Amino acid sequence: MNQHLAKAIAIYEQEGIDFQQLLTWHLCHGIVVCDMDCFAMGFSVFRESPTQAVHVDDGDTLFVTFTTGDMRGALRKYIQNYDFIAFQRSFKGSDRVRVHDMYKFYSKLKES
């Protein structure tokens, strides 16, 4: 099994979240990237409502729900499709959703 996928499964199981159900939703309605360098899931949204999923062709923002491994490599496939990137992190005492310009965010990521 891919090491990054295995890490995702372990993290979600530890949190008591049904990974299979989450993965199935992303496969049907969102985006899943899984290769030897990374595992990532996300979905298309509008910048104005970054947690509300929209059809993949209609969104201007990629909301990343999970990533492990080479995030730059995972985003490389989508940088031309979205103007913005959004994510929510639940650590450091802040659950707020962050939205960034996709190209600026991508350019700050280090190459693996």
Practice task
Grab the strands (runs of 3 or more DSSP E) fully contained in the range 15-83, keeping just those with 2 or more residues being out of contact with any Gly (no Cβ under 9 Å at 6 or more places or on another chain).
Solution key: 61-69
Completion exercise
Note on A86: of the conditions (1) surrounded by fewer than 20 Cβ atoms within 10 Å (Cβ to Cβ); (2) at pLDDT 90 or above, unmet is (1)
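Residues are listed down the side, and each one gets a yes or a no for (1) in contact with a Phe, Trp or Tyr (Cβ under 8 Å, 6 or more places away or on another chain); (2) of a type in the set (F, W, Y):
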{"residue": "G30", "(1), (2)": "yes, no"}
{"residue": "D37", "(1), (2)": "no, no"}
{"residue": "F84", "(1), (2)": "no, yes"}
{"residue": "K108", "(1), (2)": "no, no"}
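Out of D35, D70, report the one residue that is at pLDDT below 95 and within 16 Å of F105 (Cβ to Cβ). Give the derivation first.
Working: D35 fails: within 16 Å of F105 (Cβ to Cβ).
The unique qualifying residue is D70.
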Practice task
Would you mind telling me which numbered condition in (1) touching a strand residue (DSSP E or B) at 6+ places or on another chain (Cβ under 7 Å); (2) within 23 Å of A6 (Cβ to Cβ) H29 fails?
Solution key: (2)
Exercise for the section: Would you check if D70 is loosely packed, with under 13 Cβ neighbours inside 10 Å, touching a Ser or Thr at 6+ places or on another chain (Cβ under 8 Å) and touching a residue at least 12 places away in the same chain (Cβ under 8 Å)? Expected result: no
Handout entry: Count of residues meeting criterion [touching a helix residue (DSSP H, G or I) at 6+ places or on another chain (Cβ under 9 Å) and of a type in the set (A, V, I, L, M)] in the range 72-104
Key = 4
Exercise for the section: Please specify each residue of the range 48-65 satisfying the condition of being in contact with a His (Cβ under 9 Å, 6 or more places away or on another chain), closer than 26 Å to I11 by Cα and of a type outside the set (G, A, S). Expected result: T65
Practice task
List every residue pair whose Cβ atoms sit under 7 Å apart, with the two residues 6 or more apart in sequence or on different chains, where the first one lies in the range 11-26 and is among the hydroxyl-bearing types (S, T, Y) and the second, anywhere, is surrounded by 12 or more Cβ atoms within 10 Å (Cβ to Cβ).
Solution key: Y12/F19; Y12/L22
Practice task
Tell me, please, whether a residue that is touching a Ser or Thr at 6+ places or on another chain (Cβ under 6 Å), buried (at least 18 other Cβ atoms within 10 Å of the Cβ) and closer than 24 Å to D101 by Cβ can be found in the range 17-40.
Solution key: yes
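The values are calculated or read from the model by the stated rules, or taken from the named source; none is laboratory data. Note that the coordinates shown come from a computational prediction; the quantities given were computed from them, not determined experimentally. Note that we place each Cβ from the backbone using ideal geometry, even for glycine, and neighbour counts take in every protein chain shown.
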